[in-house]
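Enquirer: Attaching a single structure in structure tokens format; questions to follow.
Readers should treat all values here as calculations from the given coordinates under stated rules, not as data from a laboratory. Because the structure is predicted, anything quoted here is derived from the model rather than measured. We place every Cβ from the backbone using ideal geometry, glycine too, and count neighbours over all the protein chains shown.
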Amino acid sequence: MTEKKVVVYGVTPKAEIIYAWLDVAQDGYKPEDKPKFSVTLKMNPEDEEIKNWLVLIKETTGDMTTPIKPDKESDSMLAKFHTLNKPTIVDTNNKKLPEDISVGRGSIVRVSYGLQEYEGLGGGFTLYLNAIQVIKLVEYKTSFPEEEGYVVGDATETTEEGGDAAKDKDNMPF
């Protein structure tokens, strides 16, 4: 009989989002990989709540691989959570966020997760993303300012050909 895999459910302490794929699933590395929604949290290991959470995770996982790694650019830890289904995202009153609000980098959140053991690739643990509670929202916005000019679907927008391209067009057989 096979041994039952360890599954632990919990909620993280408050932490900052460093990467987020919450509106649209991110494609996998290989074509056969299913797209996943994911979030990576940046955690200060000196914060008491985070320190206690990291100890709890270590007690569960031992020396097995986990998606919690040191940040190469700071003294922080990065914890990656993922899911195949779009996660529920709520505010501090547990009310669902409207679909048109995109949670972005810098937001402070708590993640409801499932820590589950896997056997493949030498074994380890993964963190499944169940839901997110937004404590401080930093909305994701594109970095381009609005400009005057081409607008998709604008019927008055035309393109003009000039120079040699316009002359060559007159000599085309079709």
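Enquirer: So, counting K/R as plus one and D/E as minus one, what does the shell of residues with Cβ under 10 Å around ALA15 add up to?
Expert: Numbers: positive: LYS14, LYS42, ARG110; negative: GLU16, ASP47, GLU49.
Net charge in that neighbourhood comes out at 0.
Enquirer: If packing is taken as the average number of other Cβ atoms within 10 Å across a peptide's residues, how do 11-17, 54-60 rank, most packed first? List each step's numbers first, then the result.
Expert: Details: 11-17: 19.0, 54-60: 13.9.
Highest to lowest by the protection proxy: 11-17, 54-60.
Enquirer: Kindly provide the trypsin sites (Lys or Arg not before Pro) of segment 62-139 that DSSP labels as loop, not H, G, I, E or B, and whose Cβ sees at most 13 other Cβ atoms within 10 Å. The partial results should precede the final answer.
Expert: Working: sites: LYS72, LYS80, LYS95, LYS96, ARG105, ARG110, LYS136; in loops: LYS72, LYS95, ARG105.
In loop regions of segment 62-139 (DSSP not H, G, I, E or B), the sparsely surrounded trypsin sites (Lys or Arg not before Pro) are LYS72, LYS95, ARG105.
Enquirer: By count of other Cβ within 10 Å, fewest leading, how are GLU73, GLU32 ordered? Write out the running numbers ahead of the final one.
Expert: Working: GLU73 9, GLU32 6.
The fewest-first ordering by Cβ neighbours comes to GLU32, GLU73.
Enquirer: As a footprinting exposure proxy, order ASP23, ASP75 by other Cβ within 10 Å, with the fewest listed first.
Expert: Listing ASP23, ASP75 from fewest to most nearby Cβ atoms yields ASP75, ASP23.
Enquirer: Tell me, MET43, MET77, MET64 in order of fewest to most beta-carbon neighbours within 10 Å?
Expert: Values: MET43 23, MET77 19, MET64 14.
Exposure proxy ranking, most exposed first: MET64, MET77, MET43.
Enquirer: Output the pairs from LYS72/LYS95; LYS72/LYS141; LYS36/LYS96; LYS5/LYS136 with a Cα-Cα distance over 30 Å in this structure; if there are none, say none. Intermediate results must be reported in sequence, preceding the final value.
Expert: Details: LYS72/LYS95 36 Å; LYS72/LYS141 26 Å; LYS36/LYS96 20 Å; LYS5/LYS136 35 Å.
Table pairs above 30 Å Cα-Cα are LYS72/LYS95; LYS5/LYS136.
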